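**Student:** Take a look at the following structure, please.
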Amino acid sequence: MSYVASIHIYPIKSLDGIAVSQATILASGVLEGDRSFAICDAAGELVNTKHNSGVCFLRLSFDIKKRIAGLKIQGTEQEIFFHVDRERLAIESWLSSYFGFPVKLIENLLTGFPDNLAAPGPSIISTETIAEVASWFPRVCVNEMRHRLRANIEIGDVPAFWEDQLFSQSDEIVRFKIGTVIFEAINPGQPCILSTRNYGAKAGDPNFKNILTAKQKEIMPDLVKKGHLNHFSRLIVNTRVAPQAAEKILHIGDEVHILSVSNFLSNTISD
């Protein structure tokens, strides 16, 4: 029986996540505490791995209850801790020094900063998918690939690419249930890690892009035909939930059931 194997939230967008045993769904559909902070430049543009490779080398620890963030540069020992409320100016100064230009740490407790505003719910992937993709690259472990993909919910007791069945035709959506919460899988997400600029260089494989393209054709031909995989970085599933799901809690161990496929235009999600 497929079930929730792990739950991760990412307090600061594009940085490291935290494993939790349960997570509350907010009225906006996002998980409480997920991407509730973001780093932005003086123009208000988000600073993330898609536009600044320096983000990849920041390591974050985060105490949710105490609201204390620990930051350090990958490969160094010194970790500096900041209270994200009382020491906001100090953390912004540290980050500005690291990036080499002024940045702000902004917060939105209601909606966070999701990549897909039409599907702000938790992102889904199977644990075996992460392991399979990690195996394609030398010196890349499962935990590193997990960090790079940054999905919220991992599904266990299912084969690699189980989540493919959540990708239907372009005018249809798949509805599924986790615990007591009904989700709609809107489209495959596009994690920025699987770009040759950021991850290929780190993996040390000059044929990174070629490997991804070959694997796409070999393993996911049906998705290619449906047009969902315009490139292989679309691995995770974006979701949305009904407003009635607000305050419901997802737990590790919750069972997962695929319910139905419906027309995108006529569908109205209900809980």
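The values are calculated or read from the model by the stated rules, or taken from the named source; none is laboratory data. All values derive from a computational prediction rather than experimental measurement. Heads up, the Cβs are rebuilt from the backbone with ideal geometry, glycines too, and the neighbour counts pull from every protein chain shown.
**Student:** Could you tell me whether the range 91-100 includes any residue that is assigned by TED's automatic domain parsing to the domain that holds Phe176 and part of a loop (DSSP other than H, G, I, E, B)?
**Tutor:** no
**Student:** Are any residues in the range 111-144 more than 15 Å from Tyr10 (Cα to Cα) and of a type in the set (A, V, I, L, M), and if so, which ones?
**Tutor:** Within the range 111-144, Leu117, Ala118, Ala119, Ile125, Ile130, Ala131, Val133, Ala134, Val140, Val142 qualify.
**Student:** Let me ask something additional. Is it the case that some residue within the range 131-153 is out of contact with any Cys (no Cβ under 7 Å at 6 or more places or on another chain), under 16 Å from Ile258 (Cα atoms) and buried (at least 18 other Cβ atoms within 10 Å of the Cβ)?
**Tutor:** Within the range 131-153 (the criterion being out of contact with any Cys (no Cβ under 7 Å at 6 or more places or on another chain), under 16 Å from Ile258 (Cα atoms) and buried (at least 18 other Cβ atoms within 10 Å of the Cβ)), the answer is yes, since at least one residue qualifies.
**Student:** In the range 134-172, which residue that is part of a loop (DSSP other than H, G, I, E, B) and under 13 Å from the mean Cα position of the chain (by Cα) is modelled with the lowest pLDDT?
**Tutor:** Per the stated criteria, the residue is Arg150.
**Student:** Among the residues in the range 53-68, are any touching a residue at least 60 places away in the same chain (Cβ under 8 Å) and not small (Gly, Ala, Ser)?
**Tutor:** Yes.
**Student:** Cβ contacts < 8 Å: first residue touching a residue at least 12 places away in the same chain (Cβ under 8 Å) and surrounded by fewer than 16 Cβ atoms within 10 Å (Cβ to Cβ), restricted to the range 73-100; second residue of a type in the set (Ser, Thr, Tyr) and not in a loop (DSSP other than H, G, I, E, B), any location; separation 6+ or different chain. Result?
**Tutor:** From the range 73-100, the pairs are Ile73/Tyr98; Glu79/Ser61.
**Student:** How about the range 30-45: which of its residues are crowded, with 18+ Cβ neighbours inside 10 Å and part of a strand (DSSP E or B)?
**Tutor:** Leu31, Phe37, Ala38, Ile39
**Student:** Within the range 1-29, how many residues turn out to be touching a His at 6+ places or on another chain (Cβ under 6 Å) and not in a loop (DSSP other than H, G, I, E, B)?
**Tutor:** The total comes to 2.
**Student:** Please go through (1) surrounded by 15 or more Cβ atoms within 10 Å (Cβ to Cβ); (2) of a type in the set (Gly, Ala, Ser); (3) farther than 14 Å from Ile153 by Cα; (4) modelled with pLDDT of 95 or more for Gly70 and return the number of the only condition it doesn't satisfy.
**Tutor:** (1)
**Student:** Hey, among Thr111, Thr127, which residue is under 17 Å from the mean Cα position of the chain (by Cα) and within 22 Å of Thr49 (Cα to Cα)?
**Tutor:** After applying the criteria, what remains is Thr111.
Residue-wise test of (1) under 22 Å from the mean Cα position of the chain (by Cα); (2) over 23 Å from Ala19 (Cβ atoms).
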position	(1), (2)
Leu60	yes, no
Lys66	no, no
Ile73	yes, no
Glu87	no, yes
Ala90	no, yes
Gly100	no, yes
Leu105	yes, no
